Amino acid sequence: MKIVNLGSLNVDHVYRVDRFLLPGETKASKGLNDNAGGKGLNQSIAAARTGSEVYHAGYFGSGSEMLRRVLAEAGVHMDWMEDHMDIPCGHTVIQVDDQGQNCILLFGGTNTCLTEDYIDRVLDQCTPDDMLLLQNETNLIPYIIEAAARRGIPVAMNAAPMDEGVKDYPIGKLRWLIVNEIEGAGLAGGGSFEEIMANLTAAYPQTGILLTLGSDGAWFHDGERDIRMGCAKVPHVVDTTAAGDTFLGYFLAGMLDKMDPAQALRRATYASALTIQSPGAADSIPTVAQVEAVMAAGTLGELAVQDNQA
Ligand code: RIB
């Protein structure tokens, strides 16, 4: 039983700014850090930091040295990664403002060069006991979902970053769909959180939905279980980058470990509350020991929970 993340990897070039650039403006930044990131890599590291067995699959391109090192240090298996040094690896330009909010410009690089042949070779090594994880930062997502479905491999997909093409993906074949409220509304329509969730569950009745709601917490719906979980109390937000990835990686690892969903969501919520108190992406993701310590200490407050079981 393992998580196989056919996922993205980026070098994040992170510029600290007091506020985001305006159109046409030139502005000095307050500092630059190059960090390991990418939604895929962050999610792999989050899941691995819970102790789960995680295989990351995809391509290393030129400039990937830091990404390789960070994955190795987190204990993520890289046996199925391929080197394509003639292609630059994915990267981002990220502005982080004084409130810790970010805006991200993405360059796909090797993340968007996957081939059907490579995907088939990865999937041939997976079993129906595994969980395949995808984000919308790689190419051939519809092909991957269909090919996994044919092999009986359950798939979890994070629809971020959302684009028009996502609507045409075979989402009904996913085991889990993870979206924020903007992505959820873009896919299924709706204004309020309630409408968005109702529309998603009606559109994809066989798919478990995890709707992430930023400072309003998260909403989980899977058949007979419906759980709304509030946010932790974070004294000072340093950088929100990778908060959603931490939440997702922790949640999915919990599901694979057959944790009660409410417990998995609770642990994931505290994990992402720790992530936003440190700068960077992968580097800011806590270990499970750090998360358990903060839960035991109660320093980030109790979470509001509505748990409806049939
Ligand atoms: O979710 C955060 C991530 O999104 C960053 O690490 C960046 O690489 C982008 O993929």
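The values are calculated or read from the model by the stated rules, or taken from the named source; none is laboratory data. Nothing here was measured: the structure is a model prediction, and the numbers come from that model. Cβ atoms come from the backbone with ideal geometry, glycine included; neighbour counts cover every protein chain shown. Side chains included, ligands, DNA and RNA excluded: accessible areas come from the protein's heavy atoms. Shrake-Rupley method; radii C 1.70, N 1.55, O 1.52, S 1.80 Å.
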Exercise for the section: Skip the ligands, DNA and RNA, and give the accessible area per residue of the chain with a 1.4 Å probe, whole Å². Expected result: 41
Fill in the blank from the handout: Rounded to the nearest Å, the spacing of the alpha-carbon centers of the stretch 180-207 and the stretch 40-95 is 31
Fill in the blank from the handout: Going through LYS173/LYS258; LYS27/LYS233; LYS167/LYS258 one by one, the pairs whose alpha carbons sit over 26 Å apart turn out to be LYS27/LYS233; LYS167/LYS258
Fill in the blank from the handout: Scalar couplings 3J(HN,Hα) for the stretch 163-174 by Karplus 6.51 cos²θ - 1.76 cosθ + 1.60 (θ = phi - 60°), nearest whole Hz, x for Gly and Pro, are 9, 4, x, 4, 4, 8, 6, x, 5, x, 8, 7
Fill in the blank from the handout: Most packed first (mean Cβ within 10 Å per residue), the peptides 259-270, 296-307, 165-176 order as 259-270, 165-176, 296-307
Completion exercise
Per GNM of the chain with C-alpha springs under 10 angstrom, the most fluctuating residue out of PRO161, PRO235, PRO128 is PRO235
Handout entry: Two-site FRET efficiency, GLU302 against SER192, from Cβ-Cβ distance with R₀ of 25 Å, rounded to 0.05
Key = 0.50
Fill in the blank from the handout: Largest fluctuation, SER52, SER192, SER272 only, Gaussian network model of the chain with Cα springs under 10 angstrom, belongs to SER192
Practice task
Could you work out the equivalent-ellipsoid semi-axes for the chain, taking the square root of 5 times each eigenvalue of the Cα gyration tensor, largest first, in whole Å?
Solution key: 26, 25, 20
Practice task
For the chain, set up a Gaussian network in which alpha carbons nearer than 10 Å are linked by springs, and say which option among ASP97, ASP239, ASP117 fluctuates the most.
Solution key: ASP117
Problem - Theoretical gain in end-to-end length, THR287 to ASP98 [0.36 nm per residue, Cα-Cα removed] - result: 65.4 nm
Practice task
Kindly write out, for the stretch 146-154 in residue order, the coupling ³J(HN,Hα) from the Karplus curve 6.51 cos²θ - 1.76 cosθ + 1.60 (θ = phi - 60°), rounded to whole Hz, with x marking Gly and Pro.
Solution key: 5, 5, 5, 4, 4, 8, x, 8, x
Practice task
For the stretch 90-249, just say rounded, prolate or oblate: build the C-alpha gyration tensor, square-root its eigenvalues into a ≥ b ≥ c, call rounded for a/c under 1.5, and beyond that prolate if a/b exceeds b/c, oblate if not.
Solution key: oblate
Handout entry: Listed residues TYR143, THR240, GLY37: farthest to the positive end of the dipole of the chain (Cβ charges)
Key = THR240
Practice task
Indicate, rounded to the nearest 5 percent, the antiparallel portion of the DSSP beta bridges found entirely in the chain.
Solution key: 45
Fill in the blank from the handout: Dividing the mean separation of Cα pairs under 8 Å (6+ apart) by the residue count of the chain yields a relative contact order in percent of 18
Exercise for the section: Under 1.5 on a/c is rounded, so check that first for the stretch 60-172, then, if it is not, pick prolate when a/b is larger than b/c and oblate when it is not; a ≥ b ≥ c are the square roots of the alpha carbon gyration tensor eigenvalues. Expected result: oblate
Exercise for the section: Report the FRET efficiency, 1/(1 + (r/R0)^6), for LEU21 and ARG225, where r is their Cβ-Cβ distance and R0 is 35 Å, rounded to 0.05. Expected result: 0.20
Handout entry: Mean Cβ count within 10 Å, highest first, over the residues of peptides 105-112, 88-95
Key = 88-95, 105-112
Fill in the blank from the handout: Amide H proximity to ILE87 below 5 Å, modelled H, separation 5+ or other chain, gives SER62
Practice task
For the stretch 122-136 and the stretch 223-265, write down the distance between their C-alpha centroids in whole Å.
Solution key: 21
Completion exercise
Phi angles of the stretch 220-229, converted by Karplus (6.51 cos²θ - 1.76 cosθ + 1.60, θ = phi - 60°) into ³J(HN,Hα) in whole Hz with x for Gly and Pro, give 10, 9, 8, x, 8, 10, 9, 10, 10, 10
